[in-house]
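Here is the structure we will look at.
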Amino acid sequence: MTFFQAHPPLEQALTAILETTWKTFPSLTQNQIAVTWVVYKPPYPVNTGGALSPQEFWQHQPQGAAYRGVECSYPASIVKLFYLVAVHEWLEQQMIAPTPELDRAVQDMIMASSNDATSLVVDVLSGTTSGPELSPGPFETWRYQRNIVNRYFQSLQWPELATVNLNQKTWCDGPYGRERTFLGPALENRNRLTTNAVARLLHSIVGGVSVSAMRSQQMMALLGRHLHPAQLADTDPEQNQVVGFLGGGLPATARLWSKSGITSRVRHDAAYIEVDNCPPYLLVVFTEGPAQSQNPDLLPFLSQHCLDAVKPLT
């Protein structure tokens with residue numbers, strides 16, 4: 001069961017888009033992509049600034065479609081969306097205190113996708129730090145503390161979160177010491193997410209019910225992306241989360257809130273999109289494999305085709 005209602009016309013459109021995508025990008029196999037696509041119909045229950053209470057909001061079940069939406073994948077920097085929500089929950093509950101450095105780290109984690117900033121955020125959330133290996137007793141305590149983010153999200157009792165894992169930092173060169181031990185010999189403790197899980201979290205943020213209406217708006221402010229060519233030209237290429245991602249398939253007049261993730265083996269994006277004369281929609285796409293990671297055309301291609309399919313639904 002998911003937070004959206006399966007909509008046959010959207011499912012048919014998604015099937016057609018994927019068939020076209022596989023023909024256009026033959027190196028992409030059927031098990032190297034996952035998609036969750038949610039389209040909102042009037043009265044739109046999202047991006048209202050939190051006008052609806054959580055009880056009212058969750059009574060609205062949007063229409064959607066998914067392909068492999070329950071399959072777990074390594075999420076790369078998409079996990080930072082979950083750490084963003086956790087930080088706001090901790091602050092709301094006064095479990096941690098706001099500081100200028102935490103504010104700077106949260107901003108850089110989302111806007112610039114900084115792994116160094118994410119390291120601090122995870123330390124603050126869990127009360128753990130990286131370092132040399134630990135003896136068994138202290139390591140078990142450390143392991144329990146690090147899993148606090150998992151325990152929080154499991155407490156929400158969302159079916160979409162049943163199989164996820166959210167306890168690892170993101171790295172440039174990779175983990176060392178206790179972090180490498182915690183990852184497991186075969187990397188079995190890596191972060192894991194599904195496109196359905198990401199879609200529900202982003203849906204709650206855009207809906208203004210993630211933590212609180214005010215905090216949802218603060219999160220949305222960090223997720224906003226510039227699409228105008230002149231503004232994109234001023235963006236550091238290392239920090240770009242539009243070109244080569246879902247935003248790359250949108251007109252410059254569109255409004256985009258998103259978080260991307262990329263490594264040498266994956267290229268992902270999660271986006272909420274508003275285009276004039278078109279229903280607002282949410283699109284989460286995970287792609288795996290070195291060929292996909294290095295291909296800046298795949299996600300924009302999918303995005304453009306999803307937009308074209310949504311336009312007639314106005």
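The values are calculated or read from the model by the stated rules, or taken from the named source; none is laboratory data. Since the model is a prediction, treat every value here as computed from it, not as a measurement. Please note: Cβ atoms are built from the backbone with ideal geometry, for glycine as well, and neighbour counts cover all protein chains shown.
Being crowded, with 19+ Cβ neighbours inside 10 Å and either touching a helix residue (DSSP H, G or I) at 6+ places or on another chain (Cβ under 9 Å) or part of a loop (DSSP other than H, G, I, E, B) (or both) is the filter here; which residues of the range 280-300 pass it?
The answer is PRO280, TYR281, LEU282, LEU283, VAL284, VAL285, PHE286, THR287, GLN292, LEU298, LEU299, PRO300.
Here is a check on your reading of the model: is THR29 surrounded by 15 or more Cβ atoms within 10 Å (Cβ to Cβ), hydroxyl-bearing (Ser, Thr, Tyr), in contact (Cβ under 8 Å) with a residue 40 or more places away in the chain and in the same structural domain as PRO296 (by TED's automatic domain parsing)? Explain how you work it out, then say what you get.
Values: surrounded by 15 or more Cβ atoms within 10 Å (Cβ to Cβ): no; hydroxyl-bearing (Ser, Thr, Tyr): yes; in contact (Cβ under 8 Å) with a residue 40 or more places away in the chain: yes; in the same structural domain as PRO296 (by TED's automatic domain parsing): yes.
No: the conditions fail for THR29.
Among the residues of the range 222-235, is any modelled with pLDDT of 95 or more, more than 21 Å from LEU166 (Cβ to Cβ) and not basic (Lys, Arg)?
Yes, the range 222-235 contains at least one residue that is modelled with pLDDT of 95 or more, more than 21 Å from LEU166 (Cβ to Cβ) and not basic (Lys, Arg).
Run down PHE3, PHE25, PHE57 and say which single residue is at pLDDT 95 or above and either touching a Gly at 6+ places or on another chain (Cβ under 7 Å) or among the polar types (S, T, N, Q) (or both).
After applying the criteria, what remains is PHE57.
Looking at (1) buried (at least 20 other Cβ atoms within 10 Å of the Cβ); (2) in a helix (DSSP H, G or I), which is the only condition THR20 fails?
(1)
Pick from SER212, SER258, SER264, SER204: which is surrounded by 15 or more Cβ atoms within 10 Å (Cβ to Cβ), assigned by TED's automatic domain parsing to the domain that holds LEU302 and either modelled with pLDDT under 95 or of a type in the set (S, T, N, Q) (or both)?
SER258
Name every residue in the range 35-58 that is more than 22 Å from the chain's Cα centre (by Cα) and assigned to a helix (DSSP H, G or I), in order of residue number.
Correct list: GLN55, GLU56.
Going by the conditions given, is VAL70 within 18 Å of the chain's Cα centre (by Cα), surrounded by fewer than 18 Cβ atoms within 10 Å (Cβ to Cβ) and either touching a residue at least 60 places away in the same chain (Cβ under 8 Å) or not in a loop (DSSP other than H, G, I, E, B) (or both)?
yes
Just to be sure, is TYR44 modelled with pLDDT under 95, surrounded by 12 or more Cβ atoms within 10 Å (Cβ to Cβ) and either of a type in the set (Ser, Thr, Tyr) or on the phi > 0 side of the Ramachandran plot (or both)?
So TYR44 passes the test.
Testing ASP276 on (1) in contact with a Ser or Thr (Cβ under 8 Å, 6 or more places away or on another chain); (2) assigned to a strand (DSSP E or B), one condition comes back false. Which one is that?
ASP276 satisfies every listed condition except (2).
For the range 1-11, give me each residue that is closer than 20 Å to VAL70 by Cβ and surrounded by fewer than 17 Cβ atoms within 10 Å (Cβ to Cβ). I'd like the intermediate steps shown before the answer.
Step one: filter the range 1-11 for residues closer than 20 Å to VAL70 by Cβ, giving 1-8, 10-11.
Passing the criteria: MET1, GLN5, ALA6, PRO8, GLU11.
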